Amino acid sequence: MIAVIDYDAGNLKSVEKALTFLGEKPVITRDKALILSADKVVLPGVGAFGDAMDRLNHYGLTEVIRQVAERHRPFLGICLGLQLMFESSEESRGVPGLGLLKGRILKIPDSPGLKIPHMGWNSLDIRQGSRLFAGVSSGEYVYFVHSYYLKAEDEAVVAASTEYSTHIHAAVEAGSLWGCQFHPEKSGDTGLRILKNFVEL
């Protein structure tokens, strides 16, 4: 069973629909026992870093997510969910993230001719041997919606990157922890392949 964490941060239905299309039966929940009993856990999300951490704390989900990580249960963060996996964000100074991985979330710098938020399709430079991107070629396009980006402390956890005004760590892979800054559930066949890889871990 795949638990999709519900903490009022949106984007749940499109993730549920994509997983259902792949033949899974995802459960949208904030029930702690259900999350801890799940085979895999997904943390989607759109919105502000600080608001999201407030909601995770309010629902008592911060510690649950850390327990999922400690138990090495496959965990996938999507968009804001990826950002929350790290230590801090310039968007909400002084608000600690989940700290599952080391790194910071930074504001995409202004650049002539580029709009922020970054909304649209960008190609990925994929690290060879990535399990999350098995069967996906470098140069494939995926769909992004974000104003902030990940700069991981350890480059070894970066599974894919992209360029938009700056060098962006677009996906991570570290043991049982996985994350995508882009939206695989909105990225066509390529995104479905990425989700299928996670499902089949």
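The values are calculated or read from the model by the stated rules, or taken from the named source; none is laboratory data. Only a predicted model underlies this, so the values are computations on that prediction, with no experimental measurement involved. Note that we place each Cβ from the backbone using ideal geometry, even for glycine, and neighbour counts take in every protein chain shown. SASA here: full protein model, heavy atoms, side chains in, ligands and nucleic acids out. Shrake-Rupley method; radii C 1.70, N 1.55, O 1.52, S 1.80 Å.
Things to note:
- Test result for ALA18, within 18 Å of GLY179 (Cα to Cα) and either modelled with pLDDT of 95 or more or in contact with a His (Cβ under 9 Å, 6 or more places away or on another chain) (or both): yes
- Of LEU150, LEU201, LEU192, LEU177, all but one fail to be at pLDDT below 95 and not basic (Lys, Arg); the exception is LEU201.
- Those residues of region 162-188 which are closer than 21 Å to PRO44 by Cβ and of a type in the set (S, T, N, Q), in sequence order: THR162, SER176, GLN181, SER187
- The listed residue being in contact with a strand residue (DSSP E or B) (Cβ under 7 Å, 6 or more places away or on another chain) and small (Gly, Ala, Ser), out of GLY113, GLY97, GLY135: GLY97
- Selection within region 19-28 - open to solvent by less than 50 Å² (accessible area, probe 1.4 Å) and in contact with a Pro (Cβ under 7 Å, 6 or more places away or on another chain): LEU19
- Going through (1) crowded, with 17+ Cβ neighbours inside 10 Å; (2) more than 14 Å from GLY97 (Cβ to Cβ) one by one, MET1 falls short only on (1).
- Filter result for the condition that a residue is closer than 23 Å to GLN67 by Cα and in contact (Cβ under 8 Å) with a residue 40 or more places away in the chain, over GLU153, GLU91, GLU163, GLU140: GLU153
- Selection within region 1-27: residues that are in a loop (DSSP other than H, G, I, E, B) and of a type in the set (D, E, K, R). The member of this set that is farthest from ASN197 (Cα to Cα) is ASP8.
- Long-range neighbours under 7 Å by Cβ, at least six apart or interchain, first residue within 19 Å of GLU16 (Cβ to Cβ) within region 42-64, second open to solvent by 60 Å² or more (accessible area, probe 1.4 Å): ARG55/ASP8; TYR59/ARG30; LEU61/ARG30
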